[in-house]
Amino acid sequence: MSISSPGIGSGLDITSLVTQLVAADRKPKSLSLDRKEAKLQAQLSALGTLKSGLADFQSSLSGLLAFSSVQLRTAASSNKDVVTITSTSSKAQVASYSITVADLAESHKLASSASGNTTDSITGSNGGTLTFRFGTYNGVSFTANPDKATKSVTISAANSSMQGIRDAVNTANIGVTANIIKDATGYRLVFVSKDTGAANSLELTVSDDDGNNLDNAGLSVLAYDPTAAVGNGKNLSQTVLAKDASLTIDGLSITSASNTLTNVIDGLTLNLVSKAPTTPVTVAVKQDNSELKSDVEGFVTAYNKLIDTINSLSSYNKDTKTSGTLLGDSTLRAVSSQIRNIISSTVSGLSGKYMALADIGITSQLDGKLNTDSAKLSAALDASPDAVAKIFSAAAQASDLLISANDPGSKAVAGSYPVTISQLGTRGGYTGAATAAFPLLVDANNNNFVIKVDGITSGSMALTQKSYATSTELATEIQARINGDSTLSSAGVSVAVSYNVDHFEITSNRYGSASAVEFTSIDTNTTTSLGFSVGAGTPGVDVAGTVGGETATGSGQTLSGNGLSTTGLSLLVNGGALGGRGNVTVSRGIADRINSLLTSLLDSKGILDSRTDNLNERIDDISTQREELDLRSSRLQQRLFTQYNALDSLLVSLQGTGNYLIQQLNTLNSFNNNLNSNR
């Protein structure tokens, strides 16, 4: 019978012996791999800590990156029940303003006659079209607002109730809100101009299915012509007069269509809340460095936190003889060195007293951290907050007052670049031929046209058929129709229409080569009466010139740098002379440069991720080496079992031979004993 378990025949514990031999053989290699993996995992974790610290530091830079976003002014109102300030920019000058609000701007409101319910037809089940015009009524005549399009809403007989008309008007989104209000006499349909101001009064004309557009029956019950007789085209009641806001600022009289004033005081947005004609309100604009100071102090705190992280990863304790995980690491050394070099540098592109962190009281200490002299920082902020902001941010400044430089993006290099203008941006336009004399009649033979503006073709438009007493009145009508076209307005294109001596001029409100005006369709008598013919006008041109001696790209009024040093630099040229126009100076502050560096470091293709990938590959290689070690140990175990099993079989065989010899010797001894006893 064969022996199935190792060592059973000989009594040797072969399994234990082989296991111990295999373990002794693999232990040095296994311990070496464990140590290598532990070190690599520690480095991987340390790099993760470093990346997290860098990302936190980058987040602290956001308020300092762009000079245009640095807030250096605050404004306060002495009576917020009358005037509030809803926006303040760095353009606001430190000053105090005395404001007296005599009247608030109001929206025009018109109400229908009362009805017993809101669901029955108020038009005798007649439908038709409601046409809303916005403009100014001076008590004698109504003048259309050229900046507001004429809008129409179709009312079906099925939707001729108050509810139906209300919903149709509101769904059309035409700048008019329709409401239903119940007063002591019943329900009234109320139309409200969404925009306040005298120039946004409503005129409501009707095309009534019953054929009479003026009477107090059918859809024409909603007609409102302020110049007409009551009951004959003036069938709604005016409940609120459209008014402009009226106020004085430092004794200067000002009117505004809106109660929100954005361009009266540079850098301020005022909101008029209530009238106070006898009580002046003081609005004070003050220098406010608190936000910038807070951002600067936050920068220092975040930097010092990053240095703590770097120091902990690269430290060495001579007493305990322990070191940080990344002590001597080339990647950590490179990152730290690059950041510290930026911190200690002077900002290129700046001049004057404040060009480096040390100039505003921020200095480096022996441990690498920054220390802030609060008094020196406050003094610098009080003396020149703009200069302090530019130490940190990216900024571009043109010397020519008619050229505005945007923040320089990420690619423009710090320096001063000469600017030359060879062509100013212009708007495309159409100049008509001489018109017929005024008063000028617009009828079915000259009221329809199709126009293309900036490459966008309008729908078919129809001027209001009437006799126009003045060129201004007709120019206003033409402009309102063009700008009110849904196709053009949805594309964001518009025009300005004016009358020059004996002809109309239609000008796109866009600058540049994409700016153009073209008539594609006109009526029979349009050319002879209005001076318009099918064809294109004169297209606009883009601004052209050089920045830094290299040809720049023009688009409208914007000139963009193309050179290696000026890419990303964008200039808005608001007119002026041709030729040399001074310089534009680009500076890249410390926060901006650190942000660019950190963006590169933290990029998926940056050195930190490359180092991380390398560590992961080495860890994966250790796993492969472990698998190879396992295979080697398995083969060794198999070989040892084979060898020791052979030894075990040999020992069993020798043991059998020994037992046979002992038996034979015992037999021989017994024979000898018997032989001797017989003698």
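Only the coordinates and a few stated rules stand behind these numbers; no lab work does. These figures come from a predicted structure and were not determined experimentally. Heads up, the Cβs are rebuilt from the backbone with ideal geometry, glycines too, and the neighbour counts pull from every protein chain shown.
Quick rundown of the values:
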{"quantity": "Long-range amide H partners of Ser521 with built H, under 5 Å", "calculated": "Val450"}
{"quantity": "Extension gain (nm, one decimal) between Asn173 and Glu617, 0.36 nm per residue minus Cα-Cα", "calculated": "153.7 nm"}
{"quantity": "Under 28 Å from the Cα of Lys27 - lysines, other chains or at least 8 residues apart", "calculated": "Lys36, Lys39, Lys321"}
{"quantity": "Trypsin sites (Lys or Arg not before Pro) within the range 169-222, DSSP loop, no more than 16 other Cβ atoms inside 10 Å", "calculated": "Lys194"}
{"quantity": "The range 412-472, Rg to Rh (Cα coordinates; Rh as Kirkwood inverse mean 1/r)", "calculated": "1.31"}
{"quantity": "Per-residue ³J(HN,Hα) for the range 362-374, Karplus 6.51 cos²θ - 1.76 cosθ + 1.60, θ = phi - 60°, Hz, x for Gly and Pro", "calculated": "10, 10, 8, 9, 4, 7, x, 7, 9, 10, 10, 7, 4"}
{"quantity": "Among Val82, Ser45, Ile99 - extreme Cα towards positive end, dipole of the range 29-117, charges at beta-carbon", "calculated": "Ser45"}
{"quantity": "5 angstrom amide H check on Gly127, placed H, neighbours 5+ away", "calculated": "Ala157, Asp209"}
{"quantity": "The range 321-335 - phi-based ³J(HN,Hα) in whole Hz, Karplus 6.51/-1.76/1.60, Gly and Pro as x", "calculated": "6, 10, 10, x, 4, 10, 4, x, 6, 5, 5, 4, 4, 5, 4"}
{"quantity": "Alpha-carbon Rg with Dmax, taken over the range 336-386, Å", "calculated": "11.7, 33"}
{"quantity": "Links that overshoot a 20 Å alpha carbon limit, given the list Lys109/Lys148; Lys51/Lys605; Lys148/Lys234; Lys369/Lys390; Lys293/Lys390", "calculated": "Lys148/Lys234; Lys369/Lys390"}
{"quantity": "Pairwise label distance in nanometres, Ser125 with Asp609, each label 7 Å out on the Cα-Cβ vector", "calculated": "7.2 nm"}
{"quantity": "Student exercise, the range 555-679 dipole from Lys, Arg, Asp, Glu Cβ charges, in Debye to nearest 20", "calculated": "220 debye"}
{"quantity": "Nearest-0.05 FRET efficiency for Ser315 and Thr657, computed from C-beta distance (R0 56 Å)", "calculated": "0.20"}
{"quantity": "Lys275 versus Arg626: modelled label distance in nm, points set 7 Å from Cα along the beta carbon direction", "calculated": "8.5 nm"}
{"quantity": "Gain on full stretching of the segment that runs from Ala24 to Asn672 - 0.36 nm per residue minus C-alpha separation", "calculated": "227.8 nm"}
{"quantity": "Low-density loop cleavage sites - trypsin sites (Lys or Arg not before Pro) in the range 80-177, where at most 13 other Cβ are within 10 Å (DSSP)", "calculated": "Lys80, Lys91"}
{"quantity": "Nearest 10 degrees, 0 to 90: helix 590-602 Cα axis against the chain principal axis", "calculated": "50 degrees"}
{"quantity": "Potential lengthening between Asp34 and Lys286 on full extension [0.36 nm per residue; Cα-Cα distance subtracted]", "calculated": "84.2 nm"}
{"quantity": "Computed FRET value (nearest 0.05) for Leu401 with Thr524, which takes r as the C-beta separation and R₀ as 45 Å", "calculated": "0.30"}
{"quantity": "Loop-located trypsin sites (Lys or Arg not before Pro) in the range 279-371 whose Cβ has at most 13 other Cβ within 10 Å (DSSP)", "calculated": "Lys318, Lys321, Lys353"}
{"quantity": "Rounded to 10°, Cα long-axis angle of helix 471-483 versus longest principal axis of the chain", "calculated": "30 degrees"}
{"quantity": "Using alpha carbons only: equivalent-ellipsoid semi-axes of the range 109-240, gyration tensor based, whole Å", "calculated": "21, 15, 15"}
{"quantity": "Pair-distance profile P(r), taking every C-alpha pair of the chain, with 20 angstrom steps and integer %", "calculated": "13, 27, 25, 16, 9, 6, 3, 2, 0"}
{"quantity": "Ser374/Arg340 FRET efficiency (R0 25 Å; Cβ-Cβ; nearest 0.05)", "calculated": "0.65"}
{"quantity": "Per-residue HN-Hα couplings for the range 442-458 [Karplus 6.51, -1.76, 1.60; θ = phi - 60°; Hz; x = Gly/Pro]", "calculated": "9, 9, 5, 9, 9, 9, 9, 7, 10, 10, 10, 10, 6, x, 9, 8, 6"}
{"quantity": "Debye, to nearest 20: dipole size of the chain, +1 on Lys, Arg Cβ, -1 on Asp, Glu Cβ", "calculated": "2600 debye"}
